[in-house]
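Working notes, beginning with the structure itself.
The values are calculated or read from the model by the stated rules, or taken from the named source; none is laboratory data. None of the values given here were measured: they were computed from a predicted structure. Don't worry about glycine lacking a Cβ; one is built from the backbone with ideal geometry, like all the others, and counts go over all protein chains shown. Accessible surface areas use protein heavy atoms only, side chains included; no ligands, DNA or RNA. Shrake-Rupley method; radii C 1.70, N 1.55, O 1.52, S 1.80 Å.
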Amino acid sequence: MLQISNVERSCEFYCGKLGFKKNWQHQFEPGLPRFVSISRGAVTLFLTEHPESASGALVYLYVEDVDALARELQSHGAIIDQGPTSQPWGMREIQLHDPDGNRLRLGQDIEEKKS
């Protein structure tokens with residue numbers, strides 16, 4: 001679960017730039033914080049405007065081809081902060097931030113790519 005400040009802005013980032021789709025949205029009544037479920041393939045994230053949720057999270061997602069994914073995300077306007085970079089711990093990674101400063105790191109096992 002990631003804390004966000006604005007559902008529309010975050011859905012534009014995750015759905016418009018990162019290829020997620022919005023599954024559902026919940027709000028107890030108008031004017032109260034919203035809670036959203038989004039997914040891309042087998043990955044589901046929860047986004048919440050509720051202020052008691054932790055902020056500044058780091059989400060790590062394993063992917064099959066990080067270089068291809070980086071190109072795809074950039075073609076949709078996403079800004080990659082770091083990478084793709086091969087790390088000494090055996091992963092090839094990229095990192096980006098959502099509009100609320102949550103870090104998203106996506107990585108691929110380098111050994112699996114060689115197989």
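All other residues whose Cβ lies under 12 angstrom from that of Asn6 are scored, Lys and Arg at +1 and Asp and Glu at -1, for a net of -3. Given a 10 angstrom Cα cut-off, can you work out which residue in Phe28, Phe13, Phe46 is the most mobile in a GNM of the chain? Its mean-square fluctuation being the largest, the pick is Phe28. Annotation: the antiparallel percentage among DSSP beta bridges lying fully within the chain is about 75. Quantify, in whole percent, the carbon and sulfur part of the accessible surface of the chain (1.4 Å probe; protein heavy atoms only). Ligands and nucleic acids excluded, carbon and sulfur give 52 percent. Per residue, the accessible area of the chain comes to 58 Å² when a 1.4 Å probe rolls over the protein heavy atoms. Compared with the dominant principal axis of the Cα atoms in the chain, helix 66-75 is inclined by about 50°. Ordering Trp89, Trp24 by accessible surface, largest first, gives Trp89, Trp24; the 1.4 Å probe counts only protein heavy atoms, with every chain in place. Adding -39500 (n - 2.57) for every DSSP H run of four residues or longer, then dividing by how many residues the chain holds, sets the calculated 222 nm ellipticity at -4000 deg cm²/dmol.
Multiplying the residue separation of Ala68 and Leu32 by 0.36 nm and removing their Cα-Cα distance gives an extension gain of 9.1 nm. Here the chain is assigned +1 on the Cβ of each Lys and Arg and -1 on the Cβ of each Asp and Glu. Its dipole about the Cα centre then comes out at about 160 debye. Where [x] 14.9; [y] 14.4; [z] 15.3 are the candidate values, the label of the one calculated here for Kirkwood radius over Cα pairs in Å is [x].
Taking 0.36 nm per residue of separation and subtracting the current Cα-Cα distance, fully stretching the chain between Thr85 and Gln25 would add 18.1 nm.
If you sort Tyr62, Tyr14 by accessible surface, 1.4 Å probe, largest first, the order is Tyr62, Tyr14.
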